[in-house]
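I have placed the structure first, in the form of structure tokens, so that the comments after it can refer back to it.
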Amino acid sequence: MNPRIIELTVPPKTEVRLRHSLALRWFHWLNVPLLATMIWSGLLIYWAYDPYEIRVFGHPFLHFFPAPLYKALGIEGRLAEGLGWHFLFMWFFALNGLVYVLYLGFSGEWRHLLPIKGSLKEAIQVTLHDLYLSKAHPKIEGYNGAQRFAYTGIILAGAGSLITGLAIYKPARLQWLASLMGGYQFARLLHFALMIGFVLFFVVHIIQVARAGWNNFRGMVTGYEVAKVEEPA
Amino acid sequence: MSEEPRIVTTEEEMQRISRKSFLWAGASLLGAGGVYWWLNGRGLQGGKPWPFRRAFQANETLARSFGQGSARTFTEKDLSNDPRTNGDVGIADTEPEDWKLEFHIGEAKQSFTLDEVKAMPATEMTCELNCIEGWTRVIHWKGVRVSDILAKLGIAAKDLPAYVGLESPFAVTTAGPEQYYVGLDKESFLHPQSIFAYEMNGAPLTVAHGAPLRHVLPIKYGYKQLKAVRLVTFSDERPRDYWAERGYDWYGGF
């Protein structure tokens, strides 16, 4: 069959454009249940000794976590279960993160992610805009400065979780690492703080995805977006 | 038989791609749920679905391939002023009467009175006690190195079976409070920081802290460090372990 060439008299105004590679989407979506499992099992472990709180002028302001929350989530008295999940899924979480970072390196996609010159200024502009404090939004191709900092930061947080996790998992064989992390208890605090960081990232991430709309979300699932065709110059 | 050529709109093309991707997404969600369901439904080994038990064991094998390491030591100024007891499993209200430290090695039996233990060269160390719950206490211990006791018995490490079982007094009489027993690998038991202690923070051990003699092994969690040690046995099989029967890692080592 001969291919037929159809010439359009009216050029299309939109097109289907690749936004996220298949590999990137797998890393992203695999990380969802893996990180959720790590945080959930981490909470089952943390419950057994939960000393952290935020104090304001010396007064307890927010205790991690209030007893009713434990009760509501049903995480009391499940330490052994939490340890089982944590020390099995740590391998999959670490592996997914490691392969993701290697992929970024070899594919060159790290260029889309790492902050570049001007990212900081851009990040401030975007943040002010998204908090309704400013009307100006910088015109940007690809990830904006705020995204670059967020997506690079979350990789560092993942690496930090693995390092602090190792320090509290094997403080004798890795005594040097535990010392580097400020000792066992400080490493445990850092490990916890990074978890809070993941949760805060998640909250902002979900809000931003909701604001960006369906086409953007569908892009993360399918890899493709409906995009405007640029006018020929 | 030729179809009319027709123009596929952007939306149609996007719908085709979306249908495929969202089917994949749905299947993946089902898959993730399936993994969760499968893991939780496996037969129990020591109170855990076996894949989690196997993961503990694989992690242990990997850790042990890196050698042993040693626990960080502290100074007197780091001491915690509120050592915790955190449980009374295997602990009686009063110090066990006619207490002796017994070693069963094959058919041979050896025992020591507390005075005999105290007459051996003493070892002191200031280490962190790490509870599996997450809290830690820095404690100063005085006692006898396990390896010194074995030397006294004239036993070479290489002649011992691979595993060691420790039991508190009530494991022998099977009367009184719930029994507590710990299983250890030989290498950990013979570690230089493995001691039978009779003094804690400069004072004789109290009953709640494991009088008259407790095992201190800072390269493992507290649940692997038996209080009120009465009996030490050796075997080629892994001895039973109180907390490993309740869902915790048998190894429990750092």
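Any read-out appearing in this document is the output of simple, stated calculations on the displayed coordinates, not a laboratory observation. Source: prediction; values computed, not measured. Every residue, glycine as well, gets a Cβ built from its backbone with ideal geometry; the counts of neighbours run over all protein chains shown.
What are the ³J(HN,Hα) couplings of region A:216-223, residue after residue, when phi is run through the Karplus curve with 6.51, -1.76, 1.60 and θ = phi - 60°? Round to Hz, x for glycine and proline.
Taking θ as phi minus 60°, the curve returns 5, 5, 4, x, 6, 7, 8, x Hz for region A:216-223.
Cα centroid distance between region A:167-187 and region A:78-123, in Å?
22 Å
Using the beta-carbon distance between B:Ile17 and A:Arg55 and R0 = 41 Å, what value does 1/(1 + (r/R0)^6) give for FRET efficiency, to the nearest 0.05?
My answer for the efficiency is 0.20.
If the reach is capped at under 15 angstrom between alpha carbons, list the aspartates and glutamates near B:Lys152, excluding any in the same chain fewer than eight residues apart.
List returned: B:Glu102, B:Asp115, B:Glu116.
Most mobile of A:Ile207, A:Ile155, A:Ile39 per a Gaussian network model of chain A (Cα springs, under 10 Å)?
A:Ile207
For the pairs B:Lys186/B:Lys227; B:Lys100/B:Lys158; A:Lys71/B:Lys48; B:Lys158/B:Lys186; B:Lys100/B:Lys220; B:Lys118/B:Lys224, note any where the Cα-Cα span goes beyond 20 Å.
B:Lys100/B:Lys158; A:Lys71/B:Lys48; B:Lys100/B:Lys220; B:Lys118/B:Lys224
Using only Cα atoms, tell me the angle between helix B:50-64 and the longest principal axis of chain B; keep it within 0 to 90° and round to the nearest 10.
Between helix and principal axis, roughly 60 degrees.
Using R₀ = 25 Å, calculate the FRET efficiency as 1/(1 + (r/R₀)^6) where r is the Cβ-Cβ separation of A:Arg111 and A:Leu156; round to 0.05.
0.90
Of the options A:Phe61, A:Phe89, A:Leu133, report the single residue whose Cα projects farthest towards the positive end of the charge dipole of region A:1-142 (beta-carbon charges: Lys, Arg +1; Asp, Glu -1).
A:Leu133
Using 0.36 nm per residue, how much length does the chain from B:Glu60 to B:Leu44 gain when fully extended, once their Cα-Cα distance is taken away?
Extra length available between B:Glu60 and B:Leu44 comes to 3.9 nm.
For A:Lys139, give me every one of the lysines with a C-alpha distance below 24 angstrom, ignoring sequence neighbours fewer than eight places off in its own chain.
Once the sequence-local lysines are set aside, what remains near A:Lys139 is A:Lys13, A:Lys117, A:Lys121, A:Lys228.
So the label point goes 7 Å from the Cα of B:Ala203 along Cα→C-beta, right? Which residues of region B:58-88 then have their backbone N under 20 Å from it?
The answer is B:76-88.
About its Cα centre, what dipole magnitude does chain B give when the only charges are +1 on Lys and Arg Cβ and -1 on Asp and Glu Cβ, stated in debye to the nearest 20?
400 debye
Helix A:119-130 sits at what angle to the longest principal axis of chain A, using alpha carbons and giving 0 to 90 degrees rounded to 10?
Helix A:119-130 and the main axis of chain A meet at about 90 degrees.
What whole number of Å gives the distance from the Cα centroid of region A:190-208 to the Cα centroid of region B:201-242?
41 Å
Tell me, what are the semi-axes, in whole angstrom and largest first, of the equivalent ellipsoid of chain B as set by the roots of 5 times the Cα gyration tensor eigenvalues?
For chain B, the semi-axes come out at 53, 20, 18 Å.
For region B:91-106, what does the Karplus curve 6.51 cos²θ - 1.76 cosθ + 1.60, with θ = phi - 60°, yield as ³J(HN,Hα) per residue in whole Hz, taken in order and with x for Gly and Pro?
My calculation for region B:91-106 gives 10, 8, 6, 10, 5, x, 7, 6, 5, 9, 8, 10, 10, 10, 10, x Hz in order.
Rank A:Gly160, A:Gly82, A:Gly105 by mean-square fluctuation in a GNM of chain A with C-alpha springs under 10 angstrom and give only the top-ranked residue.
A:Gly105
Taking R0 as 45 Å, what's the FRET efficiency between A:Ile196 and B:Asp148 from their Cβ-Cβ distance, rounded to 0.05?
0.45
Within a Cβ distance under 14 Å of B:Arg19, other residues only, what is the Lys/Arg minus Asp/Glu net charge?
0
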